[in-house]
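What follows is a short report on a single structure.
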Amino acid sequence: MKIATWNVNSVKARLPRLLEWLKEASPDVALLQEIKVVDDGFPAMEIADLGYNIVTHGQKTYNGVAILSKHRLEDVSMGLPGNDGSDVQARYLEAFTGGVRVGCIYLPNGNPAPGEKYDYKLAWMDRLVAHARELLTWEENLVLGGDYNICPADEDVWSPAAFAGDALCLPQSRNRFRQLLNLGYTDAIRTFHQGPLYSYWDYQAGAWEKDHGLRIDHLLLSPQAADRLTAAGVDRAPRGREKPSDHTPVWCELDV
DNA sequence: ATGCCTTGCGGAGCAAGA
């Protein structure tokens, strides 16, 4: 089973790129972030024509997440638990499909830091850690994938010095990501690839051409899923195409 | 030192992204 995550930066603007990638990569499950549409605006028919079932947790203009699956989507829940009612942003969607539970994550950016936005990011991460801890007790094949907006280590940043004070790299951000690993989750990409490897390149300043990237899109696996992990990688091709997203897909294969 | 680019919204020029 191939599970991929991709921040598409507007599903409407990216529809041609998304359709061609679904055809060529043919993931069983695709976790999409920043769809930037309400549920009714999601281009469901074109995607369903490729054999996907769809569930969305949309929002007007900003954020929004979706799960596409060639298998039945069951036990769907929208929003990250632990919301006291103040969090109105559509950033989390979860479902069980094809023998695997998947969580689709669009973690807050958090810049500028310090500030309100960074406080929101850290509070959101605390809620994520709490939910991730709870999910492990279910002892399932589980993949928490998405745009974490965290560079876990300096090797995940093209210029650690330039990003030292950025919300994506600050110690408090990395600490909370490490808490997820310490719970027992496995970073699928780092199981197979060492050294610099990126999933995002800024639209500005020729970042893609210069390979000035960041690794911020991750697939974290429960021990049960990690035991079935056979491959993982970054699919760079979509970033090099016409009208690309600034992120590119990250994928893994589970033998389930 | 700052902006560089892309998107949505709405019909100009911001806000937000990372």
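Here, each number is a calculation from the coordinates, and none is a lab measurement. Because the structure is predicted, anything quoted here is derived from the model rather than measured. When we count neighbours, we look across all protein chains shown, and the Cβ atoms used for this are built from the backbone with ideal geometry, even at glycine.
Okay, residues lined up against (1) surrounded by fewer than 19 Cβ atoms within 10 Å (Cβ to Cβ); (2) in contact with a Leu (Cβ under 8 Å, 6 or more places away or on another chain); (3) not charged (D, E, K, R):
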| residue | (1), (2), (3) |
| --- | --- |
| A:Leu50 | yes, yes, yes |
| A:Ala66 | no, yes, yes |
| A:Asp84 | yes, no, no |
| A:Trp124 | no, yes, yes |
Per the filter on the range A:198-256, residues polar (S, T, N, Q) and within 10 Å of DNA strand B (Cβ to nearest atom) are A:Ser199, A:Gln204, A:Ser245
So A:Asn63 fits all but one of (1) within 19 Å of A:Ile3 (Cα to Cα); (2) in contact with a Lys or Arg (Cβ under 6 Å, 6 or more places away or on another chain); what number is the exception? (1)
When the range A:53-105 is examined, which residues are found to be in contact with a Phe, Trp or Tyr (Cβ under 9 Å, 6 or more places away or on another chain) and among the β-branched types (Val, Ile, Thr)? A:Ile54, A:Thr56, A:Val65, A:Val76, A:Val102, A:Ile105
Could you please find all residues in the range A:48-91 being outside any strand (DSSP E or B), farther than 21 Å from A:Arg133 by Cα, touching a residue at least 12 places away in the same chain (Cβ under 8 Å) and away from DNA strand B (no atom under 16 Å from the Cβ)? A:Leu50, A:Gly51, A:Tyr52, A:Lys70, A:His71, A:Arg72
Going through the range A:1-39 in order, the residues found to be within 12 Å of DNA strand B (Cβ to nearest atom) and either β-branched (Val, Ile, Thr) or in a helix (DSSP H, G or I) (or both) are A:Val8, A:Val11, A:Leu15, A:Pro16, A:Arg17, A:Leu18, A:Ile35, A:Val37, A:Val38
